[in-house]
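Have a look at the structure below before the remarks.
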Amino acid sequence: MNPLAGQLNENIKAGNQHVYEMLSGLGRAIYFPKEGILSQSAEATAHAKKYNATIGIATEKGVPMHLDVIQKKLSAFSPKDLYGYAPPAGKPELRTVWREKMLRENPSLEGKSFGNPVVTNALTHGLSIVADLFAEAGDAVIYPDKNWENYELTFGIRRLAEIVNYPLFTDEMKFNSKGLLEALLSQKDRGKAIVVLNFPNNPTGYTPGLKEGEEIVEAIKTAAEAGINVVAVCDDAYFGLFFEDSLKESLFGRLANIHPRVLAVKVDGATKEEFVWGFRVGFITYASEDKELLAALEQKTLGIIRATISSGAHPSQTFVLEALKSPEFADQKEEKFQIMKGRANKVKALLDSGKYGDDVWTYYPFNSGYFMCLKLHTVAAEELRLHLIHNYGLGTIALGETDLRIAFSCIEEEQLEDLFDMVYAGIRDLEKK
Ligand SMILES: Cc1ncc(COP(=O)(O)O)c(C=O)c1O
């Protein structure tokens, strides 16, 4: 064991023995080199006032060397905010601004102790850091049967974790916190579980209500009281797009420090929230009462970042930071929110209008996010998907035998009726076959 990793482990143990127990083998072994190139370079930046011959970039006239063909197109930004490496943890100001945003939008975080967000290469990378640090072969990763398919690769294939699914909905079409609790308690012998909570949910577009949210927190607390160490990960990819009377905060705020055996982790980012999918800017944030433990987890996170991507893209971080600081940001975001809400409401109005026969489909509850999901009663989802593509020029996503995901996020409100008419017609075509 590298002495730095050993020291981080000691700090984590001293802060909370259970969090140490949650770490994977890799999580225990990883560390961020203190005396390596990056820290020597940082020291030189602070103190070497004559020449700084440390950094692995090229400079000219005091700024990063750059090509005019690029700078001409990006002239609104200074070369120093584009070309050099961003720190492995991300631009410090971006981290601060994101933390402030998190507090503003999640009042339940008020007074809670949690770390500074570390910048990731968007949410996929944040989830993969969680997998690296906490998932050991055979550990259970618990999430509902309706989920983002990439969890399978991130946790299952890459880290050999065992995926444990539970039905997302009860018969009454509410969040199935009993199913979550049972899945958790099934890990009593192992004494550890990773839970992924994703609201607004991909693919259904569901976010639980206040009471359901409390039940989720209660289920996790009950598991912790039963002696299970729980890494509770909030995948808040679609955060903020809450169109109805659901929870409007991340459960991270409620889960933060509820029990010594619960480590709450928030994975979020600008990807979907600020409509910058290809920029690849996300964050990972841990909650703990213990500052030393938070610092150690941050160092381990930086170790994973250094070992995989070294640091995130600098221009994207600058773009997102400038947007977040802009006085026009809030108004522009509200405008887009209203467009998305308008589409969600339109879909619901169409489906509830009686225009389509009730026999062909029902829809899973949706109140948020980018998507909704139809449950097909008379035809197979994959067969319908292919039929719609080839005969109507309409692309949808088939999930399992019965579910068809429709991203209303990318269809104009006035085109939604045409879209659902096509899906309905497609079903009728196949029924006649
Ligand atoms: C639930 C969920 N989490 C995470 C992601 C990944 O987001 P990113 O593009 O920021 O990596 C997605 C993207 O589709 C998603 O639907």
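Put a plus charge on the Cβ of each Lys and Arg, a minus charge on the Cβ of each Asp and Glu, and nothing anywhere else: the dipole of the chain about its Cα centre is then about 1460 debye. Can you tell which of ARG280, ARG385, ARG254 shows the greatest fluctuation in a Gaussian network model of the chain with Cα springs below 10 Å? Top of the fluctuation ranking is ARG385. DSSP beta bridges fully contained in the chain are about 55 percent antiparallel. Relative to the dominant Cα principal axis of the chain, helix 329-352 is inclined by about 20°. Computed from label points 7 Å out along Cα-Cβ, the spacing between SER75 and ASP352 is 5.3 nm.
Of the accessible area of region 1-118, computed with a 1.4 Å probe over protein heavy atoms only, carbon and sulfur atoms account for 58 percent.
Got a number for carbon plus sulfur as a percent of region 178-225's accessible area, 1.4 Å probe?
Details: 900 of 1750 Å².
Within region 178-225, the accessible surface is 51 percent carbon and sulfur.
Amide H to amide H distances under 5 Å link ILE397 with ARG405, where only residues 5 or more positions off or on other chains count and H is placed in the peptide plane. Students often get this wrong, so check it: of LYS13/LYS211; LYS178/LYS266; LYS50/LYS291; LYS174/LYS266; LYS91/LYS300; LYS72/LYS266, which have C-alpha atoms separated by over 29 Å? Cα-Cα > 29 Å for LYS13/LYS211; LYS50/LYS291; LYS72/LYS266; rest within. Of interest is the spacing of the C-alpha centroids, which for region 60-108 and region 146-218 amounts to 35 Å.
Once amide H atoms are built 1.01 Å from N in the peptide plane, which residues 5 or more positions from THR120, or in another chain, come under 5 Å H to H? The answer is GLY282, PHE283, ILE284.
Close amide H partners of ILE163, meaning residues 5 or more places away or on another chain with modelled amide H under 5 Å apart, are VAL141. Taking 7 Å steps out from each Cα toward its Cβ at GLU105 and ASN257 produces label points 2.3 nm apart. Per residue, the chain exposes 45 Å² of accessible surface when a 1.4 Å probe is rolled over the protein heavy atoms with every protein chain present.
Each Lys and Arg adds +1 at its Cβ and each Asp and Glu adds -1 at its Cβ; summed about the Cα centre, region 34-115 shows a dipole of about 100 debye. Taking a point 7 angstrom from the Cα of GLU182 along the C-beta vector, which residues in region 207-230 have backbone N less than 11 Å away? Taking a point 7 Å out along Cα→Cβ of GLU182, no residue of region 207-230 has its backbone N under 11 Å.
If I compute solvent accessible area with a 1.4 Å probe over the protein chains, what percent of it on region 346-407 is carbon and sulfur?
Numbers: 1360 of 2640 Å².
It is 51 percent, rounded to a whole number.
The values are calculated or read from the model by the stated rules, or taken from the named source; none is laboratory data. Everything quoted here is computed from the prediction, not taken from an experiment. Ideal geometry is used to build each Cβ from the backbone, glycine not excepted, and the neighbour counts take in all protein chains shown. Protein only, heavy atoms only, side chains kept; ligands, DNA and RNA dropped before computing areas. Shrake-Rupley method; radii C 1.70, N 1.55, O 1.52, S 1.80 Å.
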